[in-house]
Structures are given as structure tokens and as C-alpha cells.
Amino acid sequence: MDYFALAQAYQTPLYVYDFDRIAHTFNTLKNAFKARKSLICYALKANSNLSLIHHLAQLGSGADCVSIGEVRRALRAGVPKYKIIFSGVGKQDSEISEALQSDILFLNVESEQELYRIESIARDMQIKARISVRVNPNIEAKTHPYISTGLSENKFGVDIEQAKAMYIFAKNAPFLEPVGIHFHIGSQLTDLAPIKQAAQKIAKLAHSLLALKIDLKFFDVGGGIGICYDDEQIIAPYAYAQAILEALYGLDLTIICEPGRLLVGESGVLLTKVVYEKYNGEKRFVIVDAAMNDLMRPALYGATHKIEPLDSINTESSSSARTSSTHTKASVCDVVGPICESGDYLAKGILLPTLKSGDLLLIKNAGAYGYSMASNYNTRPRPAEVGVINGEARLIKRRESFEEMIKDEESLLKG
């Protein structure tokens, strides 16, 4: 992939996604579950670009959505309504009614209060609401506290006893149809044991619900499988599938999984240009044109993304003429952006050679929670996005302009 040409054509900062890699990862996960009925629902929160969602929809993917906006995106991108799930702890009444009207697969219910609201809205609409209950298995996911979701201290889901009561209520409610059971213990998971433990715990609950004549059809194991940002040992899709299948022994339910990061994280890079270097005493900073508004993960989670000078990357076209001859022995530096926050960094304490203004850096594994968390902080336009398939690059999101950022404000100011 000729990143130099892409940076020249579309400028930097620039997100670039390898759609062929996304397809390979999707098919690998899909094949891991081929022994059972299964549905992969891509978690839109990881990256919600319409072209990317459409690409996955063509591969057979469904969609895991956490807002009505994401439901609309999924439908607009061509995901069939019967493959769309609506999750999230704070669904508004208007979102619930629109989701029911859209006739999506089901709503994942996060609390008793939400279940009662869905029942009331469904009754008013005279529509039967298909639901699944998100059960919190109270299992430590061994991930960052901000992305752990399966402990009792987290805001997500209900405990097992609450879940039983909710299913019994739903079974007896004329406008509710309990069709699934759901859990999700966290994101960027690199240890299979907690996933296996949670699956076994929720499978046991599923057995008890079926004994109560609650006609479950779906077993939703959530998502959260991690990728290798630094030196993590990742979970192989086959091993993941086998752990789930083992837990589901004796249950004839369709498995749903909701990967986001796994499908798109390693497919994406963020290209950024060096503005200049500076030293504060002996402290070296490499200042680049990307910032925390473009890639929030390092500032938010202390997340690690490997960064490499572009001339050290093997590309399909020769880059020898572009390679800087002034690079010297690597030294420790922080890679920082132009934003007026000390937390505005993309990497800390990494080794990079001496860099000059205009040199390009490649920030790796930025396909998930990169653009989707981007903002206009400091009135900075969000970057462009490019998708590459079969070696052909296509612009899938234009870089914002200043005029686009202030259009609504300006019209109101003049009004």
C-alpha cells in the first residue's frame, strides 16, 4: 500500500482502512462458528463509517447498535433489519419506539425499568417487542477499568436473579417476546478464561429459563476480543469459538457475537506528518499534525499504538527516493499534537530516529475507536477517511472544512 501517495492525495492526518483485511478477519471468525447456527453483528461503535458497514453487510454481517443513530446507519448501509440488535443502558422512549417500528431483530434490555418502558411503549404501539436481557455475570474481565463491563460495580446489565424475574415478567406480558439472552464482560479482552466462565454461567441460566418454557432462540456472547497493540497475547478465533460451543453444550440456540475492534482495529492506520521537533531541557518531543481529537485512545485510556516512520514501512511501490537520509540513531521521545492539553499525546517514551518537518509517521492499529471518537476540540476539523480494496483507494469521508464546522452556528448567529 503506497501510504506516501495517499498522504499526498488526501493530506494528513488521514485514516486509511484495509477493507481486504477486514473481510479476511470477518470470514475467519465466521468460519470458527460454522459448526453451529451463528450471527456476527459488527459493533458499530468501533467505526461507524457507512462504506465500512456496507462492506461488512455484503459479507453477511449484522449490526450491534447502541443508539438509534447507529440503527439508522446500519439500515442505511444495507444491513438487513433482522440482523440488527439495539443495546445500551439509556435508550430514550423515542429510540425504543423507532426501533420497534423498524422491526429489528431485538432490543437488549439493561434494567427492569427499561423493560417496563419497552412493554408500555409496545402496548401503546400494539407491537410485540422482541427482547433479550443483558445479564451481568459479575466476572472480572482483566482489562482496563474503563472498558470492563461485566462486574456488579459496572452500569451494564442486571444480576442473575433480576434477570430471571424479568424473563418471567416478559413471558407473561402480551406485548413482549423474550427471544435471547446476552452478556458482555468488557473490551480488549486477551484472556479466554473469563469469557469461558461467563458463557458457562449464562448458559446455566439459559437452561433454567428454557425449563420455565421461555422460548429463547439466541445466545448473545457480546464482543470484546482484543487485538495486538503492543505485545499482547491475543485470543485465536477458533479457541474463542470452541470455548463458547463447549459452554453451550445441550442448548440449541443461535450464537450471536458482537465484534468491533477485532474486525476493524488492525485494518486501520492513522497517517500523520511531523511539524517539527523540540527539546525541553533533555526531554525530546516530536510534534505532529494529528492530535488527541483525531485519536483519543492514548489520552483517554493510556492506550498504546506503535508508531513508525513511514520510510521504514515496506510499501508496494518503491519509496527509496522519498526516504530521508538525515535520520540518525533512535532516541526516546514523546509524540504529541498541537492541542493545548498536556494530555495531548499519541505515544510516550518511544524510540524514533531524528525526524524533520514533513516526515510521515504511521500510527498502527487505529481502525477501531479512532475516527468514531474524534472531535472538533480546538476547532480542528476531523480527518478524512480512505478505504482500500483490491489495491484501489477510495475516499469514504471527506476532511471537514472550517465552514462546515460553523455552518449551523453562523446561521443562528445571523438569525
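The values are calculated or read from the model by the stated rules, or taken from the named source; none is laboratory data. All of these numbers come straight from a predicted model, not from anything done at the bench. Cβ atoms come from the backbone with ideal geometry, glycine included; neighbour counts cover every protein chain shown. Areas reflect the complete protein model, heavy atoms only, side chains present, ligands, DNA and RNA absent. Shrake-Rupley method; radii C 1.70, N 1.55, O 1.52, S 1.80 Å.
Details
- Comparing mean-square fluctuations of Phe19, Phe33, Phe169 from a GNM of the chain with C-alpha springs under 10 Å, the top value falls on Phe169.
- Summing Cβ point charges (Lys, Arg +1; Asp, Glu -1) relative to the Cα centre of region 243-298 gives a dipole of roughly 440 debye.
- Reported label for calculated Cα Rg over 2.2 N^0.38 Å given [x] 1.22; [y] 0.98; [z] 1.06: [z]
- Computed over neighbours whose Cβ is under 10 Å from that of Val158, the net charge equals -3, Lys and Arg +1, Asp and Glu -1.
- Think of region 166-297 as a dipole: +1 on every Lys or Arg Cβ, -1 on every Asp or Glu Cβ, centred on the Cα centre; then among Leu205, Ala236, Ile255, Leu205 lies furthest on the positive end.
- Under the convention that each Lys and Arg Cβ holds +1 and each Asp and Glu Cβ holds -1, the size of the dipole of the chain around its Cα centre is about 640 debye.
- Size of charge dipole - region 19-264 - debye, nearest 20, with Cβ of Lys, Arg +1 and Asp, Glu -1, no other charges: 660
- Acute angle (nearest 10 degrees) that the helix 112-125 long axis makes with the longest principal axis of the chain, alpha-carbon atoms: 70
- Net charge contributed by nearby residues that have their C-beta within less than 13 Å of Ile68 (K/R +1, D/E -1): 0
- Rounded to 5, percent antiparallel among DSSP beta bridges of region 19-264: 5
- Apportionment of accessible area to carbon and sulfur, the chain, percent (1.4 Å): 50
- Whole-number accessible area per residue in Å² for region 19-264, which is evaluated in the context of all protein chains at 1.4 Å: 41
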